[in-house]
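The structure under discussion appears below in the form of structure tokens.
The values are calculated or read from the model by the stated rules, or taken from the named source; none is laboratory data. Worth saying up front: this structure is predicted, and the values here are computed from it rather than measured. FYI the Cβ positions are ideal-geometry reconstructions off the backbone, even for glycines, and counts take in every protein chain you see.
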Amino acid sequence: MNSQVRVYKPFIGPFDPCPPLPYRTYVVPPNQYIVFQPLDWPQFSLAEALKLGTLWPNLYSPYESKNKRVEEVESGGESIQTDGGSALL
């Protein structure tokens, strides 16, 4: 479970007015799993930290648009259509 993108199957009611999406995705940021910041953590260089938005590699979470995820998943596995993106099962 190293991926930051999670997939879940929402409840689909019998009287939903619109066609339901079978799977939804969300992103879990890495800071949710870090209780405290230990001393002497590795750091990015200042220029790289400004470009990436964080000083510590352990807290880096790249932003990927849902359209980009569709291209990556379609090239390497079973594709499931979700809310604008796709996910692997």
State whether one or more residues within the range 29-39 are surrounded by 12 or more Cβ atoms within 10 Å (Cβ to Cβ) and either modelled with pLDDT of 90 or more or under 23 Å from LYS9 (Cβ atoms) (or both).
no
Among the residues in the range 15-30, are any assigned to a helix (DSSP H, G or I) and either without any contact (Cβ under 8 Å) to a residue 12 or more places away in the chain or not hydroxyl-bearing (Ser, Thr, Tyr) (or both)?
yes
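Can you tell me how many residues within the range 40-53 are touching a helix residue (DSSP H, G or I) at 6+ places or on another chain (Cβ under 8 Å) and surrounded by 10 or more Cβ atoms within 10 Å (Cβ to Cβ)? Steps first, answer last, please.
Step one: list which residues in the range 40-53 are touching a helix residue (DSSP H, G or I) at 6+ places or on another chain (Cβ under 8 Å), which gives 41-44.
Filter once more, keeping what is surrounded by 10 or more Cβ atoms within 10 Å (Cβ to Cβ): 41, 43-44.
Number of matching residues: 3.
Taking the range 49-71 as the search range and keeping residues that are part of a helix (DSSP H, G or I), within 14 Å of the chain's Cα centre (by Cα) and closer than 23 Å to GLN32 by Cβ, which one is modelled with the lowest pLDDT? Talk me through it step by step, then tell me what you get.
Pass one, the range 49-71, residues part of a helix (DSSP H, G or I): 49-52, 57-59, 66-71.
Still in the running and within 14 Å of the chain's Cα centre (by Cα): 59, 66-70.
With closer than 23 Å to GLN32 by Cβ added as a condition, the list becomes 59, 66, 68-69.
Working: LEU59: 87, LYS66: 70, LYS68: 63, ARG69: 56.
Within the range 49-71, the match that is modelled with the lowest pLDDT is ARG69.
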